[in-house]
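The numbers here are math on the coordinates, done by the rules we state, and not lab data. Model, not experiment: these values are computed from the prediction. Virtual Cβ from ideal backbone geometry, glycine too; neighbours counted across all protein chains shown.
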Amino acid sequence: MSAGESPVERLAELLMMEFEKGELEPELKNYEGDFPTKVLEYCLNNDPAEIIKKMFGKPHLLNVLKSYNVAIGNINDDIDLLATYLLKSLGFPVIPKIVGIKKAINSAERCLQNIKMVSEKERLGWMTDLYNELERILRDVFVFYSCFLFKIESNIIALNAFLKEKFGCEKPIDKLGLGDFVSHLRNLNANLSADAELKKRLEDTFERPTILPKTYFKMLDDVSKYRKFFVHPKGRTPSVQECQNIAANILTLLNSLEVEMIYPDIIRINEIVVNRYGVKYVKAEDESGNLWKIYTNISLDISKLYFVYSKTGQLAINPVLIEKINI
């Protein structure tokens, strides 16, 4: 395939190389022009990842990746990930999968409902995963509010510098654990109490005086003390009932973070649109597949994910937007 072609042209060429005309025709019945033009129209009008997953079975896709010397993580990777490898090789910007609070809630629900039916080894694994999910959620909350309140860039260098300057923390953010984030969120709340301007910034936007209420810290303290039994197992193994109680408490906390809109939505950009009146806006979707229309003066990168907080719902007018980085 020619290096000078656009990614969508390379995808169209790949389809014509890998499939007979008769195999593609059913997908092209609503398009006009000669065969290559119709294939290109099809590629322009549909999600490239969905085209790949629909047209290629996993064995075929693996053969294509091999024939084009595309590096893959593992042949056992699911088809979504394999499609991502191919898209990247074709030159498409690869947007990370949205992983927000829904995934953590699902993990807690699984533990609460099914943990009594699995082996002790699986139980420990599930609970370790749940604690890791809780840690991820607290990290996201810390990053989002730190960047908003202190107007720092959402990147690891800036966040590490902020941790060192504000809290005297020498550990980089990617090495912090559950207890660290609980502590740093407490510190952020303390900063709000001591700084009237900072507190007003939070209240004006989020209409609350703290990042997390005191009751949330009580719940976090209650579940944090059991973490060592799962993440670094030593001594006794918590019982099934204890695991269910922990999962129930974590689920209550996660649901509260979502319902109270303390945890922001996460979006990926689908389109940047300029309508016939010259109005520029962004079309996006969130973790649940809800569609957003966002009016903002902030320049957004279509290849990145963003935290978003909107007072006007999914028709978002100048919402808070913070880049979600991979930590």
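What trypsin sites (Lys or Arg not before Pro) in the range 186-240 are in a loop by DSSP, with at most 13 other Cβ atoms within 10 Å of the Cβ?
Of the trypsin sites (Lys or Arg not before Pro), the ones in loops of the range 186-240 whose Cβ has at most 13 other Cβ atoms within 10 Å are 225, 234, 236.
May I ask which residue of 52, 202, 224 lies farthest towards the positive end of the charge dipole of the chain, with charges of +1 (Lys, Arg) and -1 (Asp, Glu) on Cβ and the Cα centre as origin?
Checked the options; the winner is 224.
How many Lys pairs in the range 7-90 lie less than 24 angstrom apart by Cα atoms, where the lysines are 8 or more positions apart or on different chains?
Value for the range 7-90: 19.
May I ask you to compute the full-extension gain from residue 196 to residue 41, defined as 0.36 nm times their residue separation minus their alpha-carbon distance, rounded to one decimal in nm?
50.2 nm
Looking only at GluC sites (Glu not before Pro) in DSSP loops with at most 12 other Cβ atoms within 10 Å, what is the longest site-free stretch of the chain?
So the longest stretch without any such site is 33-169.
With a/c under 1.5 counting as rounded, go ahead and sort the range 47-114 into rounded, prolate or oblate using the C-alpha gyration tensor (a ≥ b ≥ c being the square roots of the eigenvalues; past the cut-off, prolate if a/b is larger than b/c, else oblate).
prolate
Give me the lysines in straight-line cross-link reach of residue 166: C-alpha distance below 18 Å, same-chain residues under 8 apart excluded.
151, 175, 199
Quick check on the chain: take the gyration tensor over C-alpha atoms, sort the square-rooted eigenvalues as a ≥ b ≥ c, and tell me if it's rounded (a/c under 1.5), prolate or oblate.
The shape class here is oblate.
Rg and Dmax of the range 7-90, using alpha carbons, in Å: what are they?
Calculated on Cα positions, Rg and Dmax stand at 12.7, 40 Å.
Is the C-alpha gyration tensor of the range 142-255 telling us rounded, prolate or oblate? Criteria: a/c under 1.5 is rounded; beyond that, a/b larger than b/c is prolate, otherwise oblate.
Oblate, since a/c reaches 1.5 and b/c is not below a/b.
Count the lysine pairs in the range 265-324 that are 8 or more places apart or on different chains: how many have C-alpha atoms under 16 angstrom apart?
Within the range 265-324, the lysine pair count is 5.
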